[in-house]
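Everything below concerns the one structure shown next.
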Amino acid sequence: MNSLLSHPAVQGGIAPFVVGLAVVAILGRAKLGGLAVPVGFCVAVALLSGIAFSPLTATRKIVLLALVAPAIGVLVDLVFKCGRTLAVLIALACGALTVWAFWSVLHQKTAAQALLLGGGTAAFVAWVVWATLALAGQPVRAGAAALMLGLGAGVSAVLAASALLGLYGIAVGASAGAFLLWQMVTGHKIAAGATLTLPASLTAALLAAGALVLAELPWYALIAIAAIPLATRLPAPDRLPVWVQAFIVSAYGFVAALAAYALTLRASAAPG
């Protein structure tokens, strides 16, 4: 069993998926099925590196924010209505927290470099969070966006020479895939809300930004990843069965993720 749990495919993919599926099955009717993503992510972190926050490195700050996000998401769904104003405020807060997450790297650079890198990653994270929160009331599209954001960030990070960040991202995608699969199999939509969209988008966006700041992800790959929430808004008629809708919108998101992969591979293959 220990040898099985030590395999990267199990740690970053299978275990988060199985646990995420269990969470959706148990909590879906309570409108908390979106917790599949943060719970699946926590399982991956525990198996891959252990949950620890000292010393508080950039990667551990990402994990910390990923653990806080679902609590905020649940609070938003239970107490507030995530309208446009609140979504903008949450997105801006996530952008500011991005600078905090990578401050250990940013403060070592010149003022101009820190401003460009910090401002760029903050804007990227804020955009992804805002665009994904806008899908909170559309469970199939929200699930597809979370799936492809996780896989987009995760596989791109692996290609950018960061296996740990990559497996974290794949875990987000795998657990979001469980949320989506449950809807496809049962034929019934499950509430997504900020419970799903906030932790999924913030975690995936921070991991992608981390692959830029801490590894070798080219900055323009972030543009492709940022397009994923927009891609999942493309047409998929509601009259179609849920599994068909899920397949279509996931395919839209996959095209954007595939572009991120291609851009990362091209950058890594370019002569130094």
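So the values come out like this:
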item	result
Most mobile of 258, 64, 56 in a GNM of the chain (Cα contacts under 10 Å)	56
Ratio Rg/Rh, restricted to region 67-149 and using Cα atoms, in which Rh is the Kirkwood radius	1.05
Sorted by Cβ neighbour density within 10 Å, fewest at the top, the residues 252, 261	261, 252
Length released on extending from residue 112 to residue 22, taking residue separation times 0.36 nm less the Cα-Cα span	27.7 nm
Percent RCO, i.e. relative contact order, over region 123-186, from Cα pairs under 8 Å lying at least 6 residues apart	32 percent
Proxy reagent accessibility, fewest Cβ within 10 Å first, across 225, 51	51, 225
Fluctuation leader among 221, 30, 15 - the chain, Gaussian network, Cα springs under 10 angstrom	30
Compactness of region 2-269 as Cα Rg over 2.2 N^0.38 Å, two decimals	0.92
Pairwise centroid distance, computed over Cα atoms, of region 132-152 with region 1-38, Å	17 Å
Ranked 17, 254, 53, criterion: other C-beta atoms within 10 Å, fewest first	53, 254, 17
222 nm mean residue ellipticity, helices alone, for the chain (DSSP H n ≥ 4; -39,500 (n - 2.57); rounded to 500)	-24500 deg cm²/dmol
Taking the chain and dividing mean pair separation by its residue count, relative contact order in percent (alpha carbons under 8 Å, at least six apart)	26 percent
Helix 193-214 axis, angle to the chain major axis (alpha carbon atoms, nearest 10°)	20 degrees
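Each value in this text was obtained by applying a stated rule to the coordinates, not by laboratory testing. What you are looking at is a predicted structure, and each value in this text was computed from that prediction instead of being measured. Quick reminder, even Gly has a Cβ in these numbers, built from the backbone with ideal geometry, and neighbours come from all protein chains shown.
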